[in-house]
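Inspection log for the structure reproduced underneath, given as structure tokens.
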Amino acid sequence: MPKCSVIVSLKYAPGLFKEFSLLGNKLSKYSSQVIYVLSKHYQKQSEQTGLENVFYVSSSLNTIEIIQDSFFCLNKINPVIRKIFNKYLPDFVCVYNPHPLNFLILKEACKVNKHSIRSIYLHEPHKPDKYLYGKFGSIYFKIVDFCQALSIGYCNSVVLPSPYALELFKIRFHKFKESVHLVPILIPDTPILSKERKYFTIAGGMNKGKGLDVFCELIEYVAELGLDYHFRICTTSNINAYINSLSESAKKITLIENPAKISDSQMFCVHAESKAFFLLHTTATQSGAMTVAFMNGTPVIARNISAFSQFIIHWENSYLVPKDCSVSDLLEAMQYVENNQDSLSVAARKTFESTFSEKNWEQNYLWLLNSLDLHYNVPAKEIADEDEVNEK
């Protein structure tokens, strides 16, 4: 029987879909049967990309829904997961997003197959600076931290996206004695070409730690100076307070997009149309946004914190500003990008190819392929093409 891999993402995070679906697609090419246990909000993406064997067991679109799912599904999810695992005995389970119910799935996987590899991909293993996200944000991340610790108790493998993530993991989970693997965020290589670069951009989900307030101050500063720069804000978050704070002259040089949903392809366009992408987080472990920016050859302007400096070469593939940067520091970074756009873009793209591209998947997941004893399943078309070459 083929080995069975189960990929879990109970909390909806549209940006993660390209990551865990790549994992599933690669495993299927190595003769593993792949099962997905997901939030129902991934259904459109799943259908568009042709995912098979998908079970939608949660909603969890936002914090309120996560609480509702956790409260109402606590006693219901076990029978559902048990039914799935009775049909598809798991050899490998990978949880790809923090959720209070993850531990139940990992616990059941351990119960039905004690020899299974039970893994969790920890984008954010620890947030030592929770207070930076405000009172509500701090409470939220404390709950996330507790739930992750509960899930890790049923894991025998942890996957971390960066060296800095490993440092944080050792601080928070120093007693963890099972396997730990470093695997950078890997995504399909689908850059958008032939786009005019026009904007200096900030995009994605916004919270107190993302630096939108500083970005708005920068827009206002540039507007006051009368400089010929254009900005873009693209987010599904509620940003009315920030937008209302901008003067009319600042709004005139800013493209503001605030839809209910943003698809991956739309976000890729946002990156491709940017001269630089701003990452003004004051605290982070890594950044999926930086990965997408580099894929499109877009340099980033980021605070000099470990999350970004571990992949950014200052003045070569992007620009680092001080953690306590001023608007004049940010303007200086913009001017540098403007004057060195071509060389920065080429270097950013090379960083993507060497670190974050899907072509690096095999070397990063060799430990998993060996553990499951998986071998590449050559498609019939490849065999036919090879036979045709040999005949010639």
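Observations
- Qualifying positions in the stretch 319-336 - part of a helix (DSSP H, G or I), open to solvent by less than 40 Å² (accessible area, probe 1.4 Å) and in contact with a strand residue (DSSP E or B) (Cβ under 9 Å, 6 or more places away or on another chain): Leu330, Ala333, Met334
- Residue match in the stretch 174-183 (condition: of a type in the set (S, T, N, Q) and either closer than 19 Å to Thr283 by Cβ or in contact with a Lys or Arg (Cβ under 8 Å, 6 or more places away or on another chain) (or both)): no
- Qualifying residues in the stretch 144-162 (those that are free of Cβ contacts under 8 Å to residues at least 40 places away in the same chain, part of a helix (DSSP H, G or I) and hydrophobic (A, V, I, L, M, F, W, C)) - the one nearest to Glu178 (Cα to Cα): Ile152
- With respect to the stated conditions, Ser249 fails to be within 16 Å of the chain's Cα centre (by Cα), more than 25 Å from Leu122 (Cβ to Cβ) and either modelled with pLDDT under 95 or of a type in the set (Gly, Ala, Ser) (or both).
- Inclusion of Asn339 among residues that are open to solvent by 30 Å² or more (accessible area, probe 1.4 Å) and not basic (Lys, Arg) is warranted.
- Subset of the stretch 13-30 (residues that are touching a Ser or Thr at 6+ places or on another chain (Cβ under 7 Å) and either open to solvent by 30 Å² or more (accessible area, probe 1.4 Å) or polar (S, T, N, Q) (or both)): Ser21
- Strands (runs of 3 or more DSSP E) (entirely within the stretch 227-284) containing at least 2 residues that are of a type outside the set (Lys, Arg) and surrounded by 18 or more Cβ atoms within 10 Å (Cβ to Cβ): 231-234, 274-279
- Residue list for the stretch 179-200, filter: at pLDDT 95 or above and over 18 Å from the mean Cα position of the chain (by Cα): Ser179, Val180, Arg197, Lys198, Tyr199, Phe200
- Residue that is least open to solvent (accessible area, probe 1.4 Å) [pool: residues in the stretch 197-210 that are within 16 Å of Pro299 (Cβ to Cβ) and not β-branched (Val, Ile, Thr)]: Phe200
- Scanning the stretch 163-199 for residues that are in contact with a Leu (Cβ under 7 Å, 6 or more places away or on another chain) and in a loop (DSSP other than H, G, I, E, B) yields a count of 2.
- Among the residues here, Asp213 does not qualify as surrounded by fewer than 22 Cβ atoms within 10 Å (Cβ to Cβ) and part of a loop (DSSP other than H, G, I, E, B).
- The residues of the stretch 33-45 that are in contact (Cβ under 8 Å) with a residue 12 or more places away in the chain and farther than 22 Å from Leu374 by Cβ, listed by number, are Leu38, Ser39, Lys40, His41, Tyr42, Gln43, Gln45.
- Taking (1) at pLDDT 95 or above; (2) within 15 Å of the chain's Cα centre (by Cα); (3) aliphatic (A, V, I, L, M) in turn, Ala289 satisfies each apart from (1).
- Among the residues of the stretch 293-307, the one identified as open to solvent by 10 Å² or more (accessible area, probe 1.4 Å) and part of a helix (DSSP H, G or I) is Ser306.
- Condition met for Tyr221 (part of a helix (DSSP H, G or I), among the aromatic types (Phe, Trp, Tyr) and at pLDDT 95 or above): yes
The values are calculated or read from the model by the stated rules, or taken from the named source; none is laboratory data. These figures come from a predicted structure and were not determined experimentally. For neighbour counting, all protein chains shown are included, and Cβ atoms are generated from backbone atoms with ideal geometry for every residue, glycine included. When the accessible area is computed, the model is the full protein with side chains, heavy atoms only, and any ligands, DNA or RNA have been set aside. Shrake-Rupley method; radii C 1.70, N 1.55, O 1.52, S 1.80 Å.
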